[in-house]
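K.L.:
Pasting in a structure now, in structure tokens, and then I'll have a few things to ask.
The values are calculated or read from the model by the stated rules, or taken from the named source; none is laboratory data. All of these numbers come straight from a predicted model, not from anything done at the bench. Cβ: placed from backbone, ideal geometry, glycine included. Neighbour counts: every protein chain shown. Just so you know, the surface numbers come from the protein's heavy atoms only, side chains and all, with ligands and any DNA or RNA stripped out. Shrake-Rupley method; radii C 1.70, N 1.55, O 1.52, S 1.80 Å.
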Amino acid sequence: QVQLVESGGGLVQPGGSLRLSCAASGSIFSIYTMGWYRQAPGKQRELVAAISSSGSTNYADSVKGRFTISRDNAKNTVYLQMNSLKPEDTAVYYCNAYLMRRDYWGQGTQVTVSS
């Protein structure tokens, strides 16, 4: 089992940047596929970006070219660098760990993009 704690959310103006972090504990971090999801009010939770244990990445079309997911296995941490933020990026962002058909979730961190 793995425990996940997100940090780095906040209020930012359109065009600004934020970096989210997700610290994992309790298991062998490097073998998990890690992902960032988000959920806006009244909408379903959606995948933003994911990174496999080998470092392969995939992104939602809406964030390609603006967001970058990365992981530091030595620190048991996954990051989401978010640039050129838009108001439609406003949501609660959740860290996810996936292994052998089991999902683990963090508590979420709020990102608000507004002037």
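K.L.:
PRE reach from S17 (point 7 Å along Cα→Cβ): which of the stretch 79-112 fall under 12 Å by backbone N?
P.N.:
The answer is 81-85.
K.L.:
Under a Cβ-only charge scheme (Lys and Arg +1, Asp and Glu -1), can you give me the dipole magnitude of the chain about the Cα centre, in debye to the nearest 20? Walk me through the intermediate numbers first.
P.N.:
Values: 11 positive and 7 negative charges, 19 e Å.
Here the size comes out at about 80 debye.
K.L.:
Within the accessible area of the chain, what % is carbon and sulfur when the probe is 1.4 Å and the other protein chains stay in place? Could the numbers behind the result be given before it?
P.N.:
On the way: 2880 of 6110 Å².
Solvent-exposed carbon and sulfur of the chain make up 47 percent of the total.
K.L.:
If you don't mind, there's one more thing I want to ask. Once you keep just the Cα pairs under 8 angstrom separated by 6 or more residues, what percentage relative contact order results for the chain? Could the numbers behind the result be given before it?
P.N.:
On the way: 280 pairs, mean separation 42.3, N = 115.
Relative contact order comes out at 37 percent.
K.L.:
Related question: Could you pull out every one of the lysines with an alpha carbon less than 20 Å from that of K86, ignoring same-chain neighbours closer than 8 positions?
P.N.:
Straight-line reach from K86, under 20 Å: K43, K64.
K.L.:
Treating cross-link reach as a plain straight distance, find the aspartates and glutamates whose alpha-carbon is under 19 Å from the alpha-carbon of K75, omitting any fewer than eight places away in the same chain.
P.N.:
The reachable aspartates and glutamates, counting only those whose Cα sits under 19 Å from K75, are E6.
K.L.:
Spin-label point model (7 Å from Cα, Cβ direction): what's the S70 to S114 distance in nm?
P.N.:
Between S70 and S114, the simple spin-label model gives 3.1 nm.
K.L.:
With +1 assigned to the C-beta of every Lys and Arg and -1 to the C-beta of every Asp and Glu, and no other charges, what is the dipole magnitude of the stretch 49-105 about the Cα centre in debye, to the nearest 20?
P.N.:
Working: 7 positive and 5 negative charges, 31 e Å.
The dipole of the stretch 49-105 has a size of about 140 debye.
K.L.:
Once fully extended, how much extra length lies between N83 and E46, figured as 0.36 nm per residue of separation less the alpha-carbon to alpha-carbon distance? Don't skip to the end; give the middle numbers.
P.N.:
Values: separation 37, 0.36 × 37 = 13.32 nm, distance 1.86 nm.
Here the answer is 11.5 nm.
K.L.:
If you don't mind, another one. Quick check for you: with a 1.4 Å probe and neighbouring chains kept, what is the accessible area per residue of the chain, in Å²? It would help to have the intermediate numbers written out before the result.
P.N.:
Values: 6110 Å² over 115 residues.
Accessible area per residue, the chain: 53 Å².
K.L.:
In sequence order, what are the phi-derived ³J(HN,Hα) couplings for the stretch 71-77 according to the Karplus relation 6.51 cos²θ - 1.76 cosθ + 1.60 with θ = phi - 60°, rounded to whole Hz, with x for glycine and proline?
P.N.:
9, 10, 5, 5, 9, 6, 9
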